There are 2 protein chains.
Amino acid sequence: MKTFSVTFLPEEKSVEIAPGKTIMEAATAAAVPINSICGGDGVCGKCRVIVRSGKVTAEPNEFLTRREIQRGFALACQTYPDSDVVIEVPLESRVGAIPRLAAEDAARFAPVSQWVGDGAPYAYEPLSRKDYLLLPPPTLNDSVSDQERIYRELRRHRDIPIMQTGLSILRQMPTLLRASNWRVTVTVGQRGGTVEVLQIEPGDTSLRNYGVAVDVGTTTVDAHLVDLATSETVGAQAKYNSQISYGEDIISRIMYANTDEKLQTLRQCVVNDINDLIAALTVETKTRLHDIIYVMCAGNTTMTHLLLGLEVANIRREPYVPSTSFAPVIRAAEVGIKVNARGLLGVIPSIASYVGGDLVADVLVSGMNDSDEVSMLVDMGTNGEIVMGNRDWLACCSASAGPAFEGGGITSGMRATHGAIEHVAFGEGCQVTECGVIGGGKPLGLCGSGLIDLVAELLRVGCIDRTGRFVPEVCGTRLSRDGGQAEFAVLPGSATALGRDIIITEADIGSFIRAKGAIYTAAEALLRHTGLDFSDVRRVYVAGGFGSYLDVRKAIRIGLLPDLPIERFQFIGNGSLQGAKMALLSRQAFDVMEKRIAPNMTHFELSTDPEFMNEFTGSLFLPHTNIEKFPSVEREQRPRVAVR
Amino acid sequence: MKTFSVTFLPEEKSVEIAPGKTIMEAATAAAVPINSICGGDGVCGKCRVIVRSGKVTAEPNEFLTRREIQRGFALACQTYPDSDVVIEVPLESRVGAIPRLAAEDAARFAPVSQWVGDGAPYAYEPLSRKDYLLLPPPTLNDSVSDQERIYRELRRHRDIPIMQTGLSILRQMPTLLRASNWRVTVTVGQRGGTVEVLQIEPGDTSLRNYGVAVDVGTTTVDAHLVDLATSETVGAQAKYNSQISYGEDIISRIMYANTDEKLQTLRQCVVNDINDLIAALTVETKTRLHDIIYVMCAGNTTMTHLLLGLEVANIRREPYVPSTSFAPVIRAAEVGIKVNARGLLGVIPSIASYVGGDLVADVLVSGMNDSDEVSMLVDMGTNGEIVMGNRDWLACCSASAGPAFEGGGITSGMRATHGAIEHVAFGEGCQVTECGVIGGGKPLGLCGSGLIDLVAELLRVGCIDRTGRFVPEVCGTRLSRDGGQAEFAVLPGSATALGRDIIITEADIGSFIRAKGAIYTAAEALLRHTGLDFSDVRRVYVAGGFGSYLDVRKAIRIGLLPDLPIERFQFIGNGSLQGAKMALLSRQAFDVMEKRIAPNMTHFELSTDPEFMNEFTGSLFLPHTNIEKFPSVEREQRPRVAVR
């Protein structure tokens, strides 16, 4: 049978394939890792490759522009060689390049010692604990049962009112105790209000005690490996949530999961993602899966329901009722997560169908629940969530912002990871004079904070007007059209790691304006419901996965954040992940989320709030239809507006 | 091929079998139920049949006397037809006749209202509870999660600090709540210190809530079905513990269970017994297995370890350490017990390797733990156990008594069930003038209390001397010899349901004397260890499965019970079963056993007590070597002793 040779660059790996096979199938055969979120359906657009030589037939798709196709770009899963071909797999399409936080990225997160441990607000008491016990061997005068001997020793150090041990542990216990000469390490895990003896190991293994904190996002899944014995974060990994192939946003995934089988398919997707991340963490840090005892997940309500395989249909139907807001701690294996066979899985409690555990974690990290002053917290995930309150009360709401802040749905958008532009400034005219790239080097794309900067700068220099449309006379040659779509070249191909321009289109700016409008309007609505004004807000905490950098002044200039004095703002980063980590390390922190923050937060449902839609429409300007809401911006912009 | 016809009487069922098959195999083929505890190994002697016609070949065995063989008796499993035969299956050998308490026997147990409920010491709060909830459907103003809606309603009626729900229940919950129009019955079970939502059923099923109390004895397993909604005992079943085929007593079973496989074989034996009893209870009462939510077992430490499949080897080795004394509540299915799939299994906590949950239950039933006065409690199981104490302190010990009080190892012995002589008195000479048979009718054998009466009467009339040997000149023609063994005909075959004499041999009397001596000596040793005297004991509680009747005066006369005023004694029957039932119906009662009785009882180990063996030897007389210990008996016996 005739075959074609497919050679992949830069590896120069070659493989022979039969006609009718795709480049993706050839890549799989050659063990060249190419991104494939949708599994080859041509719907995610993540498997871009460049055909360097040879002939191919490609299915039409919406991800490549005419110009890109002319330049040899193709989707690997939709392209069939018609001759021997040479294929380049660009960095952006490599599995390794997909949101994978390098180990050093863990250091970018604030150390947990600020929150947990001596002198910090929460006591160090990890949810899984290993105690090395030197048990006194039994005698005729001390012949209590093996189980009691262990309980007695554990209770010598700590007050544990309710303790449980499973039958399998009890069955091994007698032989194990005697074989190890009464020197064993007992792992206990907090499970609901009780403490479970999870395993008994011979000898001293007390330093091998790990937990994994996971931020289960709609778009990405982030996992940190935490050494529970030292409180240190020892590894970090992230990847896209593979549920994306079943829908970009929450609603489309809920609609997909209309049978139990499909629901469990989505569960399996995210469980596989978490297992992949955990496997990568163990490789990265040379840790054994067996030593990972606890997994703590934070995420929006739909994500945590899907993780547990719980019914999500009612989340979408009025009156928007989740199956659970306080999911029980279960064995991780019950949903398919592969750690220690008896390891536990906890989920940060949530508030309502569209206000999840991610926000509860944010609140914990901000500390606003312990302050006398009224604070506001804004989480800019795919689902935007806002909290307001202080130590006496908390109120919240949510609004769908779309994935723009995470780089989703934006032509050159990407997550806040290596290669992402997180900061950009224009000089005179519309030239980029400052460009901060995460990890340094040439950029691959724009993350959320880079996008905020970019839109603010485009507005400042007049490249776009207050509606977000390009002003051709200001943009000059940087502006071009590909089909009907106007696009602005932010950086030329020569300055990027892609070999092609990093651009922003008018549609990108439109998505971004809707996202920032949703966030701002939700904040306003929450003020209205609580009878307050922005001037009552003493602190504003900003959470989200858009990078470690946020230029607040620019975020105000485009109307994303309220026009308050700069010193009132504080960026807390990925509070979801940080809160999950705090829970792993401090039972007290978990208790505060479960018993104080989550149950006491008042939730306002904006989807049925008639004023919300009007206010939202008003926010689809830069910064806002009523510029009086942004006096500092008004002062700054007035001369330039006069120029137009 | 040549076959033989085997006809069974009284059914007149016939079956053809090949040569080389046993009568037992023929009976199985004919569906004639014959007892077979040992499974056909010829070691239990329970499958006696009578060969009415035809020729047979029989293996030698130790269960039949020469005279019995001459009269046609044979063991069905050791006998091979050599021609067509007619076989009679006597009542005693029928499966139906084996310790099976008829339904009316349940009534012989004291109603639990004496202990649990209004005006009783323990509050009614069953360990599994069904609440019919009329939930308010969710609205936009009340959109808490489905799980919280249920918890909130449950907590409206009762204080439940910690509640848990398994993933499988959570997964079904949303659909079930909506399909049942928010009217559901929630079953919650107490599990350690937490309460678990065990199931949710549509509509009102709150009256279908059952528990099974099980006394897991070394010799017999007794089960009562309890309606947890009404506190009523609705059914009773019992059978021999099939572990008997692996050893009559605890020690031989522990020795057998020297590999995990054999340990699990023993677990399976008793689990099968419990399943058989539960199946019979459901048939008897037309109850569904699904509606049995909780199984509570009491038994000695070895029996409960074997039930849970826990290592027993260390129970037998000095310093006699059990795996657990406070076994966790587990799902019944984890050990193979077939009730509701999520039903729970609890075990009454124990004290030490040879002082089990049966004794803890006895103490609860006696109420001695709540009294100011010092009481003594004597449990006459295969393993005799003694407790002494009051509300401030409790001390206990154990001594191996053998199965005599349960009818085991006694030629005409049987359990305290239909057909058992529970009371017997002699008139002038040595004629039986009073004979109380459980359930009425002609007797099948002697239960424990009947045996006590019989030995006491034989002693009183002078048929035996104080060493337990027959006095031929008093016994007269009632005494005969079968081989070397002297036997006394208590009742002639014409007066029994067996068609043969009910007898007692000198060996039987010897076994009995050792049993009563072990009990008495253990009680004396416990007094010695606690620095007390029998005169300090204000009440004596007697527990055991030897019948509902106990003639205390006769028990004193033979030296089983101490010589105290009659009014100080109280018979509490099967405290093990009764205590398990109280636990099912009252969480408070279970808590008292777990938190007050079991952990606070001091245990004295007699097997390493050098004085115990000396004292035991002195007790192998009727009533005792030192008759001064029994002044009332001394006064009574003096003239008769003079006659000898």
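Nothing in this text is a laboratory measurement; each read-out follows from the coordinates by a stated rule. Predicted model, so just to flag it, every value in this text is computed and none were measured. For neighbour counting, all protein chains shown are included, and Cβ atoms are generated from backbone atoms with ideal geometry for every residue, glycine included.
Quick check on the exposure proxy: order A:288, B:587 from fewest to most C-beta atoms within 10 angstrom.
Placing the least packed residue first, the sequence is A:288, B:587.
What does the average come to when, for each residue of peptide A:161-170, you count the partner chain Cβ atoms lying within 10 Å of its Cβ?
Mean number of neighbouring Cβ atoms from other chains: 5.
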> 222 nm [θ] for chain A, helices only, -39500 (n - 2.57) per DSSP H run of 4+, per residue, to 500?
Replying inline: -8500 deg cm²/dmol
>> With a cut-off of 8 Å between alpha carbons and a minimum separation of six or more residues, what is the relative contact order of segment A:238-357 in percent?
In response: 28 percent
>> So if I place +1 on the C-beta of Lys and Arg and -1 on the C-beta of Asp and Glu, and nothing else carries charge, what would the dipole magnitude of segment A:532-593 be about its Cα centre? I want it in debye, nearest 20.
In response: 180 debye
> Got the residue A:333 label distances to the other copies yet, label 7 Å along Cα→Cβ, in nm, shortest first?
Replying inline: 1.6
>> Whole-Hz ³J(HN,Hα) for each residue in segment B:237-249, computed from phi via Karplus 6.51 cos²θ - 1.76 cosθ + 1.60 with θ = phi - 60°, x for glycine and proline: what do you get?
In response: 9, 8, 7, 5, 6, 6, 4, 3, 5, 9, x, 6, 10
>> Suppose we consider the axis relating copy A to copy B; can you name the residue of A with the nearest Cβ and state that distance in angstrom as an integer?
In response: A:194, 3
> Taking amide hydrogens as modeled 1.01 Å from N in the peptide plane, which residues meet the under 5 Å criterion relative to residue B:229, leaving out close sequence neighbours?
Replying inline: B:209
> Given labels modelled 7 Å from the Cα in the Cβ direction, how far is it in nm from residue A:318 to residue A:473?
Replying inline: 4.9 nm
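Rounded to the nearest 5, what % of the DSSP beta bridges within chain A are antiparallel ones? Spell out each step's value before the answer.
Numbers: 75 of 110 bridges.
Restricted to chain A, the bridges split so that about 70 percent are antiparallel.
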>> Which residues among segment B:342-374 fall inside the zone where the amide N is under 18 Å from a point 7 Å beyond the Cα of residue B:168, along Cα→Cβ?
In response: B:342-346
>> What aspartates and glutamates does residue A:286 reach when the alpha-carbon gap must be under 17 Å and sequence neighbours fewer than 8 apart in one chain are set aside?
In response: A:104, A:227, A:232, A:276
>> Under the convention of a label 7 Å out along Cα→Cβ, give the distances in nm from residue B:439 to the same position in every other copy, shortest first.
In response: 8.2
>> What distance in nm lies between label points placed 7 Å from Cα along the C-beta direction at residue B:626 and residue A:157?
In response: 5.2 nm
> What spacing in nm lies between the two simple spin-label points modelled at residue A:53 and residue B:62, each 7 Å away from Cα in the Cβ direction?
Replying inline: 9.4 nm
>> I need the calculated FRET efficiency for the pair residue A:588 and residue B:602, taking r as the beta carbon distance and R₀ as 45 Å, to the nearest 0.05.
In response: 0.70
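Calculate the dipole size of the protein assembly as shown relative to its Cα centre from +1 charges on Lys and Arg beta carbons and -1 charges on Asp and Glu beta carbons; express the result in debye to the nearest 20. Can you show the working numbers first?
Details: 126 positive and 152 negative charges, 232 e Å.
Roughly 1120 debye for the protein assembly as shown.
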>> Placing the label point 7 Å from Cα along the Cα-to-Cβ direction, what are the distances from residue B:72 to the equivalent spots in the other copies, shortest first, in nm to one decimal?
In response: 10.5
> Toward the positive end of the charge dipole of the protein assembly as shown, about the Cα centre and with charges on Cβ (Lys, Arg +1; Asp, Glu -1), which of A:495, A:618, A:123 goes farthest?
Replying inline: A:495
>> Given a Förster distance of 41 Å, report the FRET efficiency between residue B:69 and residue B:613 from their Cβ-Cβ distance, rounded to the nearest 0.05.
In response: 0.55
> Using alpha-carbon pairs under 8 Å, 6+ residues apart, how would you state the relative contact order of chain B in percent?
Replying inline: 12 percent
>> Quick test of the membrane-span-like rule: which DSSP H helices of chain A reach at least 30 Å along their long axis (C-alpha atoms) with mean Kyte hydropathy at least -0.5?
In response: A:260-285, A:506-530
> Among B:46/B:581; B:46/B:239; B:46/B:554, which pairs are too far apart, with a Cα-Cα distance over 20 Å?
Replying inline: B:46/B:581; B:46/B:554
> Using θ = phi - 60° and the Karplus curve 6.51 cos²θ - 1.76 cosθ + 1.60, what whole-Hz ³J(HN,Hα) does each residue of segment B:425-442 get, with Gly and Pro shown as x?
Replying inline: 9, 9, x, 4, x, 10, 8, 6, 10, 10, 8, x, 10, 4, x, x, x, 6
> Counting other C-beta atoms within 10 Å, which of B:157, A:224 has the fewest, and how do the rest follow?
Replying inline: B:157, A:224
>> Counting other beta carbons within 10 Å of each residue's own, what order do A:512, A:571, B:8, B:326 fall into, fewest first?
In response: A:571, B:326, B:8, A:512
> Counting DSSP beta bridges with both partners in the protein assembly as shown, what percentage is antiparallel, nearest 5?
Replying inline: 70 percent
>> In whole Hz and in residue order, list the ³J(HN,Hα) couplings for segment A:126-142 that follow from phi through the Karplus curve 6.51 cos²θ - 1.76 cosθ + 1.60, θ = phi - 60°; x for Gly and Pro.
In response: x, 5, 10, 9, 10, 10, 7, 10, 9, 7, x, x, x, 9, 4, 8, 9
>> Report, to one decimal in Å, the Kirkwood hydrodynamic radius for chain A based on all distinct Cα pairs.
In response: 26.3 Å
> Given H placed on each backbone N at 1.01 Å, which residues far from residue B:220 in sequence or on other chains put an amide H within less than 5 Å of it?
Replying inline: B:241
> Residues with amide H under 5 Å of residue B:330's amide H, sequence separation 5 or more or different chain, H placed in the peptide plane at 1.01 Å from N; which?
Replying inline: B:345
